[in-house]
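J.: Here it is: the structure, laid out below.
The values are calculated or read from the model by the stated rules, or taken from the named source; none is laboratory data. Just so we're clear, the structure is a prediction, and the values are computed from it rather than from any experiment. Neighbour counts run over all protein chains shown; Cβ positions are idealised from the backbone, glycine included.
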């Protein structure tokens, strides 16, 4: 009995330590409160899908969103704004798919980075049509070239289900293009070149 009690106590201590290690920092919790963010579980189709890192003129397709999360050095948590959560919950009552934003929080000591994604896994095939409601007649000339490149990539097996739209550091949006941040300081390499319309070797 004494040995069993010691084992249970040891297991409890491990759980407490692991729980503390996995808890968000005070700075992270403060930013979540200021931005109305709470934890969120993205759909598997989004996590397993490829993504872009430039809204208007992407040069590359990057690999799985899940692989990007694993590449981060600090604890990462998916978050969502309350308004976006309600839009997702109400999508069955809407005509057509819903495109929404989610935040990937990288909680590093003294530095909170938000990678703000758009989940397109619900409507990747109707991407240009979705854009028309925001850009009207400008959608075709604005995104037409990108759409053609993405269609060629999809035919080769490189379908896109997500888009990294912004990167924010400690609550402030960075002016640098997300695509440049990925290929630069993060060294997260793309898998497909949209300009050359060809896969990239690892």
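J.: Could you say whether any residue in the range 126-133 is at pLDDT below 95, in contact with a helix residue (DSSP H, G or I) (Cβ under 6 Å, 6 or more places away or on another chain) and surrounded by fewer than 16 Cβ atoms within 10 Å (Cβ to Cβ)?
T.: Checked the range 126-133: at least one residue is at pLDDT below 95, in contact with a helix residue (DSSP H, G or I) (Cβ under 6 Å, 6 or more places away or on another chain) and surrounded by fewer than 16 Cβ atoms within 10 Å (Cβ to Cβ).
J.: Among the residues of the range 148-165, write down those that are part of a helix (DSSP H, G or I), at pLDDT 90 or above and buried (at least 16 other Cβ atoms within 10 Å of the Cβ).
T.: Passing the criteria: only 153.
J.: Identify all residues within the range 74-102 that are at pLDDT 90 or above, over 16 Å from residue 37 (Cα atoms) and touching a helix residue (DSSP H, G or I) at 6+ places or on another chain (Cβ under 9 Å); write none if there are none.
T.: Across the range 74-102, the qualifying residue is only 75.
J.: Being modelled with pLDDT of 95 or more and out of contact with any helix residue (DSSP H, G or I) (no Cβ under 9 Å at 6 or more places or on another chain) is the filter here, so list the residues in the range 110-125 that pass it.
T.: 113
J.: So, one more: Filter the range 167-192 down to the residues that are buried (at least 16 other Cβ atoms within 10 Å of the Cβ) and part of a strand (DSSP E or B) and list them by number.
T.: 167, 168, 192
J.: Just the residues that are buried (at least 18 other Cβ atoms within 10 Å of the Cβ) and either within 12 Å of the chain's Cα centre (by Cα) or under 17 Å from residue 102 (Cα atoms) (or both), please, taken from the range 56-75.
T.: Passing the criteria: 62, 63, 65, 68.
J.: Just one of (1) in a helix (DSSP H, G or I); (2) touching a helix residue (DSSP H, G or I) at 6+ places or on another chain (Cβ under 8 Å) trips up residue 70, so point out which.
T.: Condition (2) is where residue 70 drops out.
J.: Which of the residues that make up the range 52-66 are without any contact (Cβ under 8 Å) to a residue 24 or more places away in the chain and not in a strand (DSSP E or B)?
T.: 66 - this is the single residue of the range 52-66 that is without any contact (Cβ under 8 Å) to a residue 24 or more places away in the chain and not in a strand (DSSP E or B).
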